[in-house]
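Trainee: Just dropping this structure here.
The values are calculated or read from the model by the stated rules, or taken from the named source; none is laboratory data. Predicted, not measured: the structure shown is a model, and the values here were computed from it. In this analysis, Cβ positions are derived from the backbone assuming ideal geometry, glycine residues included, and neighbour counts consider all displayed protein chains.
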């Protein structure tokens with residue numbers, strides 16, 4: 001064998017082994033197929049993949065943030081809204097993510113859109129606006145159950161915006177104004193009722209002792225006299241007032 005043939009053989013061997021060496025980062029895994037059949041999951045670090053016999057698919061295990069486009073949702077009380085959300089998921093079983101679904105990113109994107117519409121369509125508008133935390137959990141649970149067969153874990157779902165039409169915004173503003181007016185009237189009525197009850201209690205206490213009523217009368221005169229006003233007060237003895245009232249009745 002000539003020196004050139006030997007060097008060529010050595011170069012081919014070096015190239016063969018160089019092409020067989022793969023480096024996987026800490027957050028990556030390699031799904032290995034032997035002649036088209038799944039064998040194992042390798043990584044991270046340096047692994048050997050035999051050229052022409054084995055093939056490797058890289059899978060990223062980091063959490064992926066998926067922005068769900070705005071969806072037209074009709075609530076249970078027949079209100080049309082536009083809702084968008086964000087989904088956080090990660091691959092926990094790389095072999096299933098490659099074997100069970102062709103493109104798991106696209107699959108989760110489409111599944112998130114349909115799930116968002118179906119789950120929110122079961123709730124009323126007030127629930128969408130006031131109970132987002134509960135709706136987030138419902139959507140996340142539904143997605144996680146469906147993606148479990150793909151080896152994917154949906155860790156969180158957050159509804160970002162619930163956009164309403166201008167007419168609906170005006171209607172909600174009128175409703176809120178009417179609610180505030182109702183509460184103000186109820187509070188005012190409750191205050192009047194409590195005040196009348198206190199006045200009744202005070203009148204019952206003062207009626208037990210006429211002297212207490214006279215002392216209260218004198219205290220009121222003192223307060224009026226200390227006030228900076230043009231009011232002139234003429235005190236009238238309570239005994240004289242009783243005599244006048246009794247004569248008037250007779």
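Trainee: Go through the residues of region 99-114 one by one and say whether even a single one is touching a residue at least 60 places away in the same chain (Cβ under 8 Å), in contact with a strand residue (DSSP E or B) (Cβ under 9 Å, 6 or more places away or on another chain), outside any helix (DSSP H, G or I) and surrounded by fewer than 21 Cβ atoms within 10 Å (Cβ to Cβ).
Mentor: The answer is no; no qualifying residue exists.
Trainee: Follow-up. Restricting to region 1-26, count the residues that are surrounded by 12 or more Cβ atoms within 10 Å (Cβ to Cβ) and touching a strand residue (DSSP E or B) at 6+ places or on another chain (Cβ under 6 Å).
Mentor: Residues meeting the conditions: 3.
Trainee: Would you mention how many residues in region 115-153 are in a loop (DSSP other than H, G, I, E, B) and crowded, with 17+ Cβ neighbours inside 10 Å?
Mentor: Of the residues in region 115-153, 2 are in a loop (DSSP other than H, G, I, E, B) and crowded, with 17+ Cβ neighbours inside 10 Å.
Trainee: Continuing with this model, one more query. Determine if region 192-199 includes at least one residue that is surrounded by 10 or more Cβ atoms within 10 Å (Cβ to Cβ), part of a strand (DSSP E or B) and modelled with pLDDT of 75 or more.
Mentor: no
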